[in-house]
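The values are calculated or read from the model by the stated rules, or taken from the named source; none is laboratory data. Worth saying up front: this structure is predicted, and the values here are computed from it rather than measured. Backbone-built Cβ (ideal geometry, glycine too); neighbour counts: all protein chains shown.
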Amino acid sequence: MRAFEYVGGGSEKFWQVDRDEHTVTVRFGRLGTSGQTQVKQFDTATAAAAQVDKLVAEKVRKGYTEVGHPAAATDKPAAADALPDEDTFVVPGSWRRSMLPRRGDGSRPPVLNPDAPAQQRQLLEPLREDISKTLAELSDDDPELATAGLAYLAAALGEAESAAVVPLGAAVVATLAVRLNRLVQEPTLRSVADSWVARYGVVFAAGTAAELAGLTPWSDGILRLRRLPAGDHSGTAAHPFADRVREHLAAATDEEYAAARDALAGYRDDLLRQRIMTAFLLPTETGWVDEDCRAVAATGGRIGPLATTLLHSVGTVAQLDLINGQLITWSVIYSAGPILTMTAAVGPAAAPFLARWFDDGHGSADALKRVLAVLATLPTDEAFQLLLDRADRKYVQPALLDAMRRYPVRALRLLAAAGPAGAALLRAHVRANPDVVRAASPQLSDAVRQRVEAAADTADAVPEAPADTVPPVLAEPPWTVRRTAAGQARLDGLASADRPAIDWQPGEREAWASPPPWNYADWKGERTWLEIGESFRTRRLPRFQEAWVVATAPDEVAGPLLAGWRPADAWCLESWMKVIVARHGLAALPAVLHFVKANPAHADLLLPYTGPAVAEAMADWLARTKSARPVAQAWLARHPAAAGRALVPAALGKPGPARRAAEAALRVVAGAGHESGVLAAARGYGPAAAAGIEALLRTDPLDVLPARIPALPAWFDAALLPQVLLRDRRHAVPVRMVGHLVTMLAMSRPGEVYAGVAVVRDACDPASLAGFAWELFECWRAVGSPARDGWALSALGWIGDDATVRRLAPLIRAWPGEGGHARAVAGLDVLAGIGTDVALMHLHGIAQKVKFAALKQRARDKMAEVAEELGLTSDELADRLVPDLGLDADGSLTLDYGPRRFVVGFDEQLKPYVADADGTRRKDLPKPGARDDAELAGGAYQRFAALKKDVRTIATDQIRRLEEAMVLQRRWPVAQFRELFVGHPLLWHIVRRLVWASYDGDKLVTAFRVAEDRSLANVDDDALALDDTATVGIAHPLHLGEAVPAWSEVFADYEILQPFAQLGRETYPLTDEERAATELLRFTNRTALTVKVLGLDRRGWRRGEAQDGGVQGWLERPLPGNRAAVLSIEPGIPAGMATEWPEQRIEGVWVNNQPSGDWRSKGLVPLGELDPVLASELVRDIASVVS
C-alpha cells in the first residue's frame, strides 16, 4: 500500500492506494478518521497497475506527499471496521462543478483558455465606438477612469501596448462591455478574465476584480460610469469575472498568492463592496472574512446581495451566524454555487442553516430540493434528524432516503429512536439492509436494538413467493432478456389512395357552426367586405381578425382567402376555427391541419376529417404528444376503417418514428375490435402487405415495448412500499421484482396500458395492488408531482379500487385551486378508468358540483363519453350509478359484532343513524369491545366508516339531482321508476319523501307518494296502480296547483320531512307583460351581495367568460333548446378576486338564443316562450339573491 498526505490551506487529508492483481482499492479522508473506501475491478493486472500510476501522479501534482505509514490514525475496534464510515465529511465530486474553490481544497487548477485574448477582442470590437464615446464624456468628470479605460481598450484591441495599462482600466472596459452587450454569455466573460491572467498575471487580474466592485454604470440617455461612494451597499460584488479570478488565485504559487494578498489589502479601506470582493477572492484570509462578516451584521438596512457574495467566503459557523440575518433565502438557494461553496467550507455544522432556508420556503422546487440534497450528504445525527423531522413535507422524502442509503447505521439508530413517526421507514430500511443490521447490531443500544429487531419481525409480514410462482412478465420481463430481433416486413412505395373526406356526427356540424358568444360588429365598422379582404391579402389586417374574416365574410371574399391561409398563432383564432370547419368543410383542411400541427392542443378540430395526412398526424400525436393523445384515440375510434387504409403504408415503411407511430395506432384500432378491418385494409395493398400487417398484429402484446424503456425514478424505493400479494394472499411479489411492475406502469399511457399490467392484475390480490399503487402515488406527490412521472397518477386508474376512489376524489376537487388543473383532469381519467359504480358516482358528483367551472365541464365531458359507450345519455347513466352499498332490501344494514348487533337506517337527508337490535337509537356506532368478536366487529366497524364516506358523497349529489329533475321535468317509464327509485334500497329513503306524478305527455294525470311498504298512494291515501304506458316525474308545485295544501297536510300527518323544498317551494308566475317582453325588468337596478351572487353556482348558474381586465360581467344558466339565461351585473366579478367588490347591481335579465351569455342580449327570446316551471325557477333563483 502507498500512502500520501496533504496538509495546507486549512486541509489535513490522507489518500491511500493498494492493488491486488485486477483490483484497485483507494481509501481517503481527513487525517484522524477511517475515511472512505472505493474498490474498482479491471480486466487485466496491467490495466490495474496503470490506473494506480495515473492516480498517484494526479495526487503528487495536487501537492500530496508520500509517507511511510498509513495516515489514518484510528484505534476503532475490529468489529467497527466492517461498518461504513459515517462520520467523515468528504465533499462530493459532483459539487466541484458548481462550487467555487479555496486554496488547498484539492480543486483542479483552472486551464487558461488559449483563445482568451481573441475572444476578448471579438467582444470589444463591435463595442469600441460606444465605449470610446462614454470614456470621452467621462474625461472631464473622472479623467483617471477615462485615461485608464482608453489605455486598456487600445491594448486589448491590439492597437498599442502601454505601461499605462492598469487593473482600473481593465475594470472600466469590462463594466461598460457587459452593460452594452447584455446578451454576452458567461464563458466569454470567463475568457476575458483568462486574458487578464495570460497577459498581465494573476495579481493584475485580482486587482481588476476588486476595481470592478467599485464601479457602476448608469444612463441618462447616454451610458456613463461612476465610482461607488463609500456608503453605497447596493447590488452585489460578485460577477463571472471574479469567479474565474478566484479559481486562478486558488491555484496560484505561494509568491503569486502573497503578491495578490498585498495588492488586495489596498482595497480594504472604505468601500464595503470592495472589501467583500477581496474576501471573496481570498477566502482563506480568515481575518478579512471575520472583519467583513461583522461589518455586514452591523450594517443597517437589507444588503442581501452583498451578504450572499460573502457567503462564498465564510468557513465557520460563527461567520455564518453573523451574516445570516442579512441573507435573502431565495437569493442564497437560487443556484447551487453559494450553498455548495459554503457547505464545503463550513462542513456538517451548516446543517441547521440549510434546514432554516428550506423552512423559509422562498425558492423554486429545484432550489428547495437542492438544499435538501446538500443536507442529506452531511454525516451527522443533527443533519439526519433535521430531515427526519420534516419527513412529511414536500420534497423531503427523496433526500431522507438518500441520507438513509449514505448512512445506513445512523438511519437505524435515529429511525428506531423516532418511534411511531419512523416506524414505516425503519421497517423498509431493515428490509433493504439485512447485512447492515447484522453488522451494526452489537454497536446499538439495547432499546434501539429491540426496536430494530421488532421492525425486522414485521418487515416481511408475508413471505416472498418463489420465482416460479410469479408471472414470468414480473420474474423475467421481456426488456431484461436479450432477444433476437424478428425481421420486420418492409415494403417501400406504398401509398394510400384515400382522398381527404369529412364525416360529421349527428348534430355536430350544427353545434360547430354556432359563432362565439361575442359581438364582432365593431371589427367591420364602415368597411366593405371587399376592403377587408384586400387588407387580408396585403397583410394589413391584424392577425387576430383573420379567422373572423374566413368564418363570416361572404363566399366570394372568404373562399379565395382560405385557399392560401396558413394560420399558426392560436390567440383569438381558436374560437373561430370550428365555425370555419363547419362552414368550409374540406376546403378548410389545409389551413386547419397547419394550425393544429402548430397547436396540438386544438387537435379536436380534425375529428371530422379523414385522409392520409390526418391519420399520420393522429398516429404521431398518439405516440408523442400528451395533450393531443386523447383526441388521437377518439379519432381512431371514430374512423377505424379510414385509419387502417391510411396507416398501412407507414406501418410497413422505413423503420423510424413514423413507422412506430403507425404500428402503435394500428394496434390500438385492432385492439378496439377492428382487427378484421385493419387486415382488410392491408389486403388492399397486396398479399405481402397483408402478411406484414398480420405479423404485426400477431406479435405477443408483452413484446410490444417502447423504443426506450423508462428508468425507475429516483423517488421510487421498493422497500418503502407495501407488499404486493399474490391472489392466495400467502405470498408476496419479491422486492427485486417490484421494480419491474413499476417499469410496466411507467411505460404505460392512458389508453395504451402495457399488456403486462393486466397479467399482474389477474395474478395479484386486488386490494394489496391498489394499496401499493396509492403509496406509490403518495411518493410521487411527496416530491412535488413531477410531470414526467405523471404515470404514477394514471396507474391508479389501472390497478386502483373503490378505496382509491374515496381517497382521490377530494384531491381532484382541490387541485385546480392549487394550480393543478391538468392534474385534476388526469384524475378524472383515473376515475373513469377504475369504472366501478363508486368511481363513476364520484365522477358524476364532480360533474355536477365543484367550484372550478373548467373541471366541472371536463367531468361532464368524461361522463358523456362513458354514457355514450354504454348507449345511454348522461342522465340515464347517472340514474344507474347510485350504488346500493350492500343494504338490505328494506334499505337498512345490519352490523354484526358477534354478541351484539346494530341496525343502520337513514333520515330524509340520507344521514345514517345507528339503532340497537330493539330499535333504540344510538349517537354513533360504538367501537368494538373486549367481549365482541374481534374479526366480526372490526370488519363491521370498518364497513360502517366506509358507508358514511360513501353516503356523504351520494346524499348531496342525489338530492340535488332529484331537485334538478323536478325543475327540468324529467320523466321515466313506469318500469324504470320502479327499478331505479322505488326498488333501490338507498334512494327509496328520499323517494318516499317526495310527491310524484304520472303524466300523459306534459299533462299531470295523478299525483302520488311512495308509502313505507313501497306501495303507491294518492292524496286521499288510497292505493294507486299506474298504467304501464304512463311516464313518472317529480311533481312541481306549479303542476300540483290547488292540491299543494292537501299534500302538505298528508306529509305533516305522517311527519314526513322532505329532502328539498317541494311542497313549500315558492313559485313565481310571469305577468302578461313579462311573457311578451324579451327582458325581465322586475330585478333591474336591484342590489345583491356578491357572496350571494356567487352562491348561484349551486343552482346551476356559472360565471361568464372574463372580459377586459379579467372581470366577469354576467352569469349564465344553460337552458333546454340550446339557450341560456343571462344575469348581467355591474361592476362584475374580478377573476381570482371574487369578493373584491362586495355588492353587485343587476343590469338586466334575459334569455339568449345560444348556449352562453354575453354583455349584450342575443336573440331577443320572448320570455313567454319559456316553460312556466323553468321561468318560475329562474325568477326564484334571482329573487334568492336580491331578497
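Of note:
- When Gly201, Gly221, Gly169 are screened for being of a type in the set (Gly, Ala, Ser), touching a residue at least 40 places away in the same chain (Cβ under 8 Å) and farther than 16 Å from Glu125 by Cβ, only Gly201 passes.
- Meets criteria (part of a helix (DSSP H, G or I) and either modelled with pLDDT of 95 or more or among the basic types (Lys, Arg) (or both)) for Arg128: yes
- When segment 727-758 is filtered for residues that are surrounded by 22 or more Cβ atoms within 10 Å (Cβ to Cβ) and either touching a Lys or Arg at 6+ places or on another chain (Cβ under 8 Å) or not in a helix (DSSP H, G or I) (or both), the ones remaining, listed by number, are Ala732, Val733, Tyr754.
- If the condition is being within 19 Å of Arg261 (Cα to Cα) and either hydroxyl-bearing (Ser, Thr, Tyr) or modelled with pLDDT of 95 or more (or both), then segment 294-311 contributes only Thr309.
- Sole exception among (1) at pLDDT 90 or above; (2) surrounded by fewer than 21 Cβ atoms within 10 Å (Cβ to Cβ); (3) outside any helix (DSSP H, G or I); (4) hydroxyl-bearing (Ser, Thr, Tyr) for Ser1156, by number: (1)
- Test: residue in segment 998-1008 that is in contact with a Gly (Cβ under 8 Å, 6 or more places away or on another chain) and more than 21 Å from Tyr913 (Cβ to Cβ): yes
- Considering Arg356, Arg431, Arg449, Arg390, the condition of being basic (Lys, Arg) and over 32 Å from the mean Cα position of the chain (by Cα) is satisfied by Arg449 alone.
- Qualifying residue in segment 1106-1116 (condition: under 24 Å from Ala965 (Cα atoms), at pLDDT 90 or above and either surrounded by 17 or more Cβ atoms within 10 Å (Cβ to Cβ) or in contact with a helix residue (DSSP H, G or I) (Cβ under 7 Å, 6 or more places away or on another chain) (or both)): yes
- Put simply, of Ala160, Ala171 the only residue that is closer than 30 Å to Ala279 by Cα and either hydrophobic (A, V, I, L, M, F, W, C) or in a loop (DSSP other than H, G, I, E, B) (or both) is Ala171.
- Hits in segment 249-263 - residues which are more than 16 Å from Leu100 (Cβ to Cβ) and assigned to a loop (DSSP other than H, G, I, E, B): Thr253
- Any hit, segment 214-231, residues being assigned to a loop (DSSP other than H, G, I, E, B) and within 25 Å of Pro109 (Cβ to Cβ): no
- In the set (1) within 30 Å of the chain's Cα centre (by Cα); (2) among the β-branched types (Val, Ile, Thr); (3) at pLDDT 90 or above, Ile693 fails one condition alone, (1).
- Take the conditions (1) closer than 23 Å to Ile276 by Cα; (2) modelled with pLDDT of 90 or more; (3) of a type outside the set (Asp, Glu); (4) out of contact with any His (no Cβ under 6 Å at 6 or more places or on another chain); Trp218 misses just one of them, which is (2).
- For segment 735-759, a residue qualifies if it is in contact (Cβ under 8 Å) with a residue 60 or more places away in the chain and under 21 Å from Leu831 (Cβ atoms), and the qualifying residues are Arg749, Pro750, Gly751, Glu752.
- Condition met for Ala391 (in a helix (DSSP H, G or I) and not β-branched (Val, Ile, Thr)): no
- Residues that are surrounded by 14 or more Cβ atoms within 10 Å (Cβ to Cβ) and either farther than 13 Å from Leu1127 by Cα or touching a Pro at 6+ places or on another chain (Cβ under 9 Å) (or both), drawn from segment 1081-1091: Leu1089, Thr1090
- The condition of being among the basic types (Lys, Arg), over 38 Å from the mean Cα position of the chain (by Cα) and not in a loop (DSSP other than H, G, I, E, B) holds for only one of Arg1117, Arg1180, Arg1098, that being Arg1180.
- When segment 617-646 is filtered for residues that are crowded, with 20+ Cβ neighbours inside 10 Å and in contact (Cβ under 8 Å) with a residue 40 or more places away in the chain, the ones remaining, listed by number, are Met618, Ala619, Asp620, Leu622, Ala623, Arg629, Gln633, His639, Ala642, Arg645, Ala646.
Here's the yes/no breakdown for (1) surrounded by 14 or more Cβ atoms within 10 Å (Cβ to Cβ); (2) at pLDDT below 90; (3) in the same structural domain as Arg960 (by TED's automatic domain parsing):
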| residue | (1), (2), (3) |
| --- | --- |
| Leu887 | yes, yes, no |
| Pro899 | no, no, yes |
| Val903 | yes, no, yes |
| Phe906 | yes, yes, yes |
| Gln909 | yes, yes, yes |
| Tyr913 | yes, no, yes |
| Pro928 | yes, no, no |
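- Filtered by the rule that a residue be loosely packed, with under 15 Cβ neighbours inside 10 Å and farther than 19 Å from Trp1047 by Cβ, segment 976-1025 gives Glu979, Gly983, Asp1000, Gly1001, Asp1002, Asp1013, Ala1025.
- Breaking point among (1) outside any helix (DSSP H, G or I); (2) touching a helix residue (DSSP H, G or I) at 6+ places or on another chain (Cβ under 6 Å); (3) among the hydrophobic types (A, V, I, L, M, F, W, C); (4) without any contact (Cβ under 8 Å) to a residue 24 or more places away in the chain, for Ala151: (1)
- Any hit, segment 605-617, residues being touching a strand residue (DSSP E or B) at 6+ places or on another chain (Cβ under 8 Å) and in a loop (DSSP other than H, G, I, E, B): yes
- Residue in segment 327-337 that is farthest from the chain's Cα centre (by Cα), counting only those that are in a helix (DSSP H, G or I) and surrounded by fewer than 22 Cβ atoms within 10 Å (Cβ to Cβ): Gly337
- When we screen Trp791, Trp815 for residues that are at pLDDT 95 or above and touching a Lys or Arg at 6+ places or on another chain (Cβ under 9 Å), the only hit is Trp791.
- Reported count of residues in segment 603-645, each being modelled with pLDDT under 90 and assigned by TED's automatic domain parsing to the domain that holds Leu586, is 0.
- Residue match in segment 159-175 (condition: more than 25 Å from Ala260 (Cβ to Cβ) and outside the structural domain of Gly63 (by TED's automatic domain parsing)): yes
- Given (1) of a type outside the set (S, T, N, Q); (2) farther than 26 Å from Asp392 by Cβ; (3) at pLDDT below 85, index of the condition Arg449 fails: (3)
- Strands (runs of 3 or more DSSP E) wholly inside segment 885-997 that include at least 1 residues being within 23 Å of Pro1059 (Cα to Cα) and over 45 Å from the mean Cα position of the chain (by Cα): 912-916
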